[in-house]
Every structure is written in structure tokens, then in C-alpha cells.
Amino acid sequence: MNFRYKVMCSAIATIIMASSARAQDPHFSQFFVSPLTLNPAYTGKFNGSYRFSGNYKKQWPTLNNAFTTSTAALDFPILTNKIPEHDTWGIGVLAVNDQSGNKILNNTFYSISTAYAKSLDEDGLHQITIGFQATYANKRLDIRRADFEDELTALGFTGITQEAFGSNLFSINYADVNTGFMYSLSTDGDNSFYIGTSVYHINRPRQSFNGGDFLLDTRSTIHGGAYLPVGQYKSFHGSIIHQSQGAAKETILGGSFAMNVNYDNENPLEVYAGAWYRLGDALMPYLGLEINRFRFGFSYDINTSSLRTASASRGGAELSIIYINALKDPLKRKVNCPKF
């Protein structure tokens, strides 16, 4: 029996039958361009009338399409003429799809979030933001896509046997609550520094395909970063994140330089190049392009951990896109915010 099928068979049995199993949230190497999966406090915190963001990641493709994750999000400020000039109130919606084990396990999440950023000074250079997010989740386990040892014959795999599980399909639904906080500052109106924290699954929803009492672990995150102009047409973007969920922990840090190659600060054509590193796990080179208020990003995880033998050092590719629609009057309201 092929090793990957042994692993998949064992994983499925664990998911269904073992209440001690622990699930982890999907995560992105380009966390810095996935604002609403990182911290609800990012909702509406940008310079523009609305923001669209999307991410796609295919992780460990050599391990039978182990994880494929995609997101789409839209957020925008509201009541801009009703609240103080340097405050921001945002609303956003988010959809996430996460597939594991060649689509055997399929997770879908729909979220709505809101955040309010309060200026601490008359120029809006110091701000605190608090955000909340509510999620509806569906988890679906499709045993028909799995292959098991007792199906293997001289003619190949004969098809799924239901005797071990009693059914081919399992599905659960639950509601979830997340929150986040962020402090941001600028020393001159051009640079930006920020630090934030978020907690997901505050209510610890019950998850079990067999009626058990397994509660989803909370995910706690601390993150920070900086945007620094370097001369007239160059800038540096750096960020760091540490998050934990149950026994799983990860720390990622790195940065990229951006070059305004058309020397136009009103409508820049910027090229990004840099790298992030997930401690003890993977190096992640990053390339980006910003044009006409679109920013496209590509990164690739190069495994440096013991998993590199099984994955052939192929951690997986990740794509990102962000579009921020311009304000009609860009000088009227300038938000002190991280630049994605």
C-alpha cells in the first residue's frame, strides 16, 4: 500500500472517531496581504472607497494535494461624513474554502466583520482599532474520494467500502466569533508602524463528525510591521507574525523592497522583491507588482524542515491580489494604515 494512502486512511479515521484530534486553521505565507483572515481590526482600514483581496495557496502538492486554500474578501468604510475626520468605521465580508487530502475534507467559511479605528491625536497619526467578526462554517468529509488498503487488488483499487464508517458523507455546521485589536502610528504622515493581536474561535465551537465533544482550539495571533520610504521612489515593507492554536505554533518574519519604476507617485508602477521565513520550516521568496491600484503577489514555500524529503522541498505556491479603489478626494481623509 502506498505511504500516502496509509496516511490518508489514518487521518480520516482520526477525524471521525478520535475526540482527541486537533484541527488547525488554514494559513497563508503572504499573511500581510490577507487582512480579514489575519485580524478583524483591519476591516475598512485603508486609503480608498473599497478594497478587494484574494488569495490562493496550494501546499505540499507532492503529498496528494494535501491542502488547497482560497479566499475572497471585500471591505469598505462607512459613515465617513458622520464620524470624526481621522476615525474610520469599516464593514467587510469574507469567504474561505479549504480543501484537504485531494478534496476528501472540504471546509467553507463565510464571515462578516466590522471595525472602528479611533484617532488619538488631532492629525490621526496615532490610532487604535478594535474589530469583530462572525463566521458561519461548514465542514464536509467525503469518504468516496479516499482509497483504503482492503480495496487494493491485482487490478487496482476496487472502490470504497462503507463497513468501517457506515456512511460515505459527513457534514457539520457551526457559528464562530473572532476579535482583534491594533495600534498604528506614523511619525511623519508617510511612514507607518503597527502592532496587533487577534483571537479566533472565542466561543470554541463544537466540532465532531460522530457526535463527540471536540471543541475547536482558539487561534491567538500577535503581528506587527512597518512601511518605510527609502528615498523618493523606493520603500521597504517588513512584517512579523506569531500565532498558536492548540499545540501548533508558527513564527514568520521578513520583508520586501519596492521600486517605483515609472517615477510617478500619483499612479506608480511598483515592483516588489523580498522573502519571508517560517522559523524551522520554510523559506518563502516573494515577488510583487503594483499597477493601476492592483497589487499582485507570488510566493513559493521552500521546505527546510524534515518534511522536505517527502515534499521534495516543494512547500507550495501562493498567489495574492489586492485592489483598492481610489477616493474621489484623496486629500480629504487619509488613514494611517499598513500598506498591503
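The values are calculated or read from the model by the stated rules, or taken from the named source; none is laboratory data. Since the structure is predicted, the reported quantities are computational estimates derived from the model, not experimental observations. Glycine gets a Cβ as well: all are built from the backbone with ideal geometry, and neighbour counts include every protein chain shown.
Observations on the structure shown:
- In region 20-47, the residues that are of a type in the set (Gly, Ala, Ser), over 22 Å from Leu283 (Cβ atoms) and at pLDDT 90 or above: Ala41, Gly44
- Residue check, Leu36 closer than 24 Å to Ser239 by Cα and of a type outside the set (Lys, Arg): yes
- Number of the condition not met by Gly315 [criteria: (1) closer than 27 Å to Lys234 by Cβ; (2) surrounded by 16 or more Cβ atoms within 10 Å (Cβ to Cβ); (3) at pLDDT below 95]: (1)
- Hey, Gly231 without any contact (Cβ under 8 Å) to a residue 60 or more places away in the chain, out of contact with any Asp or Glu (no Cβ under 7 Å at 6 or more places or on another chain) and surrounded by fewer than 16 Cβ atoms within 10 Å (Cβ to Cβ) or not: yes
- Yes/no for Phe109 being assigned to a strand (DSSP E or B), among the aromatic types (Phe, Trp, Tyr), over 22 Å from Ser208 (Cα atoms) and at pLDDT 95 or above: no
- For Met259, the criteria (1) closer than 28 Å to Leu74 by Cβ; (2) modelled with pLDDT of 95 or more; (3) surrounded by fewer than 18 Cβ atoms within 10 Å (Cβ to Cβ) hold in every case but one, which is (1).
- Of all residues in region 114-138 being in a loop (DSSP other than H, G, I, E, B) and in contact (Cβ under 8 Å) with a residue 40 or more places away in the chain, the one that is farthest from the chain's Cα centre (by Cα): Asp123
- Region 259-279 - residue that is without any contact (Cβ under 8 Å) to a residue 24 or more places away in the chain and small (Gly, Ala, Ser) and, of those, farthest from Arg293 (Cα to Cα): Ala275
- Cross-chain or 6+ apart pairs with Cβ under 7 Å, region 16-32 first and closer than 16 Å to Lys139 by Cβ and of a type in the set (Lys, Arg), then at pLDDT 50 or above and surrounded by fewer than 16 Cβ atoms within 10 Å (Cβ to Cβ): Arg22/Gly246; Arg22/Ala247
- Within region 274-293, tally of residues that are part of a strand (DSSP E or B) and over 19 Å from Lys57 (Cα atoms): 2
- Candidate set from region 63-104 (those that are free of Cβ contacts under 8 Å to residues at least 24 places away in the same chain and more than 17 Å from the chain's Cα centre (by Cα)); member that is surrounded by the most Cβ atoms within 10 Å (Cβ to Cβ): Ile83
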